[in-house]
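Notes follow the structure.
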Amino acid sequence: MLLDCLKDIKHDSAFELLTDSDKAILNKNKKTLFYKKNDIILKQGTVANSIVYSKTGFFKLGMEGNQKNVILILKGNNTFLGLSSLFCKENIYLYNVTATEDCEVEIYDNIAFKEVLARNVAFSNEIIKFLNHNSSRIFKRFMNMMEKNSRGKVAFMLVCMANSVYFSNEYTMSLSRQDMADFLGLSMENVIRIIKELENDGLIEVNGKSIKLVNLNSLHKVCEFG
């Protein structure tokens, strides 16, 4: 279900497993940076020399193809970004990490991060758990893309953003319509058309990027049956 794909776990618990000496290793070359909306924090294909930890913000992890871009997963605050490239044989970032809103992040050196992983088994196991969870979210999301029709995909995304990201039935979407299309595997025109249909049917209200879910029962039926 898309709900599972959007629901994330926070990674701040990993820091509780660090010893004072571990923290000293990580913090030696740590940097705190601020990015604006649409800034690329990690660039696909470039040398993977850092791990990013999100203090605030919302992020899309996506891959650039020859003809099409795909958003793999969405991440929020208090999560590590770039973990899957940590032991990549080619030593490159496998995807782009882009801020969808203004954010604050911490940058950790890859060599220092690997050193702490090697010396702290509990911390290493926690990082493996995060990686497994990310993989599970992506697998479930692609299964949902195969099972639902276009209308069901868009409706499910709107509901899940309300339940798992903004925790409100009325919110301002930080993703563009093109981002939604890339995430759902649809064309932007299809996404815009379906949102308009849901609005005309009285299921949602739309004002620019502001979205309000007004008929949850009917919307849930669309999510389930398309």
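The values are calculated or read from the model by the stated rules, or taken from the named source; none is laboratory data. Here the structure is a predicted model, which is why all the values come from computation and not from measurement. Neighbour counts are summed over all protein chains in view; Cβ atoms, including those assigned to glycine, are modelled from backbone coordinates with ideal geometry. Keep in mind that these areas ignore ligands, DNA and RNA; they rest on the heavy atoms of the full protein, side chains included. Shrake-Rupley method; radii C 1.70, N 1.55, O 1.52, S 1.80 Å.
I'd like to check one number: the per residue accessible area of the chain, probe 1.4 Å, reported in Å² as a whole number.
50 Å²
Mind jotting down the distance between the C-alpha centroids of region 57-93 and region 136-156, whole Å?
Using only Cα atoms, the two centres lie 19 Å from each other.
Test of the criteria: in region 125-226, which chymotrypsin sites (Phe, Trp or Tyr not before Pro) are in a DSSP loop and have at most 12 other Cβ atoms within 10 angstrom of their Cβ?
Qualifying residues, ordered by number: Phe167.
Accessible area of the chain with a 1.4 Å probe: how many percent of it is carbon plus sulfur?
For the chain, the apolar C and S fraction of the accessible surface comes to 52 percent.
When a/c is below 1.5 the answer is rounded, else prolate if a/b is larger than b/c, else oblate, so apply that to region 156-199 with a ≥ b ≥ c taken from the square roots of the Cα gyration tensor eigenvalues.
Since a/c reaches 1.5 and a/b is larger than b/c, the shape of region 156-199 is classed as prolate.
Can you give me the long-range amide H partners of Ile73? Hydrogens built in the peptide plane at 1.01 Å from N, cutoff under 5 Å, separation of 5 or more residues or another chain.
Amide H to amide H, under 5 Å and 5 or more residues apart or across chains, Ile73 pairs with Leu61.
Packing-wise, with mean Cβ within 10 Å as the measure, how do 57-63, 34-40, 188-194 rank, highest first? Display every interim value, and only then the final one.
On the way: 57-63: 20.7, 34-40: 13.1, 188-194: 16.9.
My ranking of the peptides, most packed first, is 57-63, 188-194, 34-40.
Compute, for the chain, the length of the dipole vector about the Cα centre, with Cβ point charges of +1 (Lys, Arg) and -1 (Asp, Glu) only. Units Debye, rounded to 20.
Around 280 debye, computed over the chain.
Using protein chains only and a probe of 1.4 angstrom, how many square angstrom of Cys160 are accessible, to the nearest 10?
Ignoring ligands and nucleic acids, Cys160 comes out at about 0 Å².
Report the FRET efficiency, 1/(1 + (r/R0)^6), for Asn29 and Ser136, where r is their Cβ-Cβ distance and R0 is 35 Å, rounded to 0.05.
That gives a FRET efficiency of 0.65.
What are the GluC sites (Glu not before Pro) within region 58-133 that DSSP puts in a loop, where the Cβ has at most 12 other Cβ atoms within 10 Å?
Glu90
Could you give the length gained on full extension between Ile192 and Gln67, defined as 0.36 nm per residue of separation minus the Cα-Cα distance, in nm?
Contour length minus the Cα-Cα distance gives 42.9 nm.
Can you give the relative contact order of the chain as a percent, counting alpha carbon pairs under 8 Å and 6+ residues apart?
24 percent
Roughly how many Å is it from the Cα centre of region 180-209 to that of region 97-123, as a whole number?
Distance between centres, Cα-based: 35 Å.
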